[in-house]
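Each remark here refers to the structure printed beneath this line.
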Amino acid sequence: METIVGCDIQMEFREIGPLTEAVVRLRMHDGTEMLAQGRANRNPDDPAQPRVGEEIAAARALSNLAHRLIGKAGGDIEEVTHSKAHLVM
């Protein structure tokens, strides 16, 4: 039997001078929501390239989200098994 479920991911960027912030929101099919952030800080001597800052901030936000999801999954496993979960990425 195959089950297909989906989730929604939304990402927003904010640029303030040399700082780019990314916020990613994950909405799971069961209504669970998770939020993660990432930042990129351009060196003042580097030329302004907003896309590069967005890419770095997005990667860091998604990495943060991935670690939060692994932690949540581990907690969910521990609730059922009553044993310490050892999940790695």
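The values are calculated or read from the model by the stated rules, or taken from the named source; none is laboratory data. Model, not experiment: these values are computed from the prediction. Glycine gets a Cβ as well: all are built from the backbone with ideal geometry, and neighbour counts include every protein chain shown. Accessible surface is based on the protein model in full, side chains and every heavy atom, while ligands, DNA and RNA are left aside. Shrake-Rupley method; radii C 1.70, N 1.55, O 1.52, S 1.80 Å.
Computed values, structure above
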quantity	calculated
Size of electric dipole in the chain: Cβ of Lys, Arg +1 and of Asp, Glu -1, about Cα centre, debye, nearest 20	200 debye
Accessible carbon and sulfur surface of the chain relative to its total accessible area, %, 1.4 Å	53 percent
Angle in degrees between helix 50-81 and the longest Cα principal axis of the chain, rounded to the nearest 10	20 degrees
Surface/4 of the Cα convex hull for the chain, nm²	7.9 nm²
Burial ranking of peptide ranges 14-23, 73-82 (average Cβ count within 10 Å, highest at the top)	14-23, 73-82
Neighbour net charge for Ala73 - beta-carbon separation under 14 angstrom, K R +1, D E -1	-1
The chain, accessible area per residue, ligands and nucleic acids excluded (1.4 Å, Å²)	76 Å²
Size of electric dipole in the stretch 38-89: Cβ of Lys, Arg +1 and of Asp, Glu -1, about Cα centre, debye, nearest 20	40 debye
Estimated [θ] at 222 nm from DSSP helical runs (n ≥ 4, -39500 (n - 2.57)) normalised by residues in the chain, nearest 500	-13000 deg cm²/dmol
Under 14 Å, Cβ to Cβ, from Leu26 - net charge with Lys/Arg +1 and Asp/Glu -1	0
